[in-house]
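Structure record follows, encoded as C-alpha cells.
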Amino acid sequence: MESGGFAIRVAGEEDRLALATVFAAIAEERDGIATEPPVDVKARAASWRLDGDFVAVAEGGIIGSINVEPSAHGFGEIGMFVLPEWRGRGVGSALLSAAIEWSHERGLHKLSLGVFAHNQAALALYRKFGFVEEGRRIKQFRRSSGELWDAIEMGLLL
C-alpha cells in the first residue's frame, strides 16, 4: 500500500534494527509510549516480535510501525508509533487500516489498545476508526519524573 510519500508493508527480519532505533527515538520524547530512555537498541532489536507487525517506510527508512498481538481469546492488542515529522500526514491511518485488515483475515473479533489520556491526537485517530473508550486506568504509569499518568483503554469490535 502506498500513498502520501510513504508505503505500508509487512515488517521483515531486516527491519529489526531500524524498528528498535525508531522506537528508541520515540521513547526519547517521553510522551507517547510507556518506555522511557535509555533503550538498549540491540537488545530491543533482538527481541522484536515481527509477526503481526507492519511498517510505514519513506525515503528509505522506517517512519512508523503498528503491531497486532493476537490473544488465544480472539482479540488483538495493538501498539503503534510514528515519527513526529510524519504525524498528521496519514501514516497512523494507513497503519491502522493495515492492522484492521490483517486482524479480519485472521478471524479476530476485536482490537484493544491503551493510550495515555493526554494524547489527544492518538485518541482522535482511534475514535475516527471506531474505537470506543472502555475504561480508564487511573495513575497507571509511573514516569521517571515521578508523575503518574492515566491510561485510557479502547476497543474496536471487528
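Before moving on, here are some points about what is shown:
- Calculated FRET efficiency for the pair residue 109/residue 85, C-beta based, R₀ 41 Å, to 0.05: 0.70
- Region 115-150 versus region 23-82: alpha-carbon centroid distance in Å: 17 Å
- Net length available on complete extension from residue 128 to residue 49 is 25.7 nm, with 0.36 nm assigned per residue and the Cα-Cα distance removed.
- Which of 47, 25, 141, positive extreme of dipole for region 2-157 (C-beta unit charges): 141
- Dipole magnitude of the chain, debye to nearest 20 (Cβ charges: Lys/Arg +1, Asp/Glu -1, about Cα centre): 380 debye
- Value of relative contact order over region 2-157, rounded to a whole percent, pairs C-alpha under 8 Å and six or more apart: 19 percent
- In terms of its C-alpha gyration tensor, the chain comes out rounded, because the ratio a/c of the largest to the smallest axis stays below 1.5.
- Cα-based shape type of region 1-42, given that a ≥ b ≥ c are square roots of the gyration tensor eigenvalues and the cut on a/c is 1.5: oblate
- Prolate/oblate/rounded label for region 105-158 (Cα gyration tensor, a/c 1.5): prolate
- The chain, helix-only ellipticity at 222 nm - DSSP H runs n ≥ 4, -39,500 (n - 2.57), divided by all residues, nearest 500: -8500 deg cm²/dmol
- Working from label points 7 Å from Cα in the Cα-to-Cβ sense, the residue 42 to residue 14 distance is 2.3 nm.
- Spin-label model distance (nm) - residue 147 vs residue 73, 7 Å beyond Cα toward Cβ: 3.1 nm
- Candidate membrane-span-like segments in the chain, meaning DSSP H helices with Cα atoms spread over at least 15 Å of their own axis and a Kyte-Doolittle mean of 0.5 or above, are 16-28, 91-105, with no membrane implied.
- Gain on full extension, evaluated as 0.36 nm per residue between residue 25 and residue 97 minus their Cα-Cα distance, stands at 23.5 nm.
- Distance between the modelled labels on residue 59 and residue 139, one decimal in nanometres: 4.3 nm (7 Å Cα→Cβ projection).
All of the numbers you see were taken from the coordinates with simple rules; none came from a lab. Bear in mind that the values here come from a model prediction, so they are computed numbers and not experimental data. All Cβ positions, even for glycine, are placed from backbone atoms using ideal geometry, and neighbour counts span all protein chains on display.
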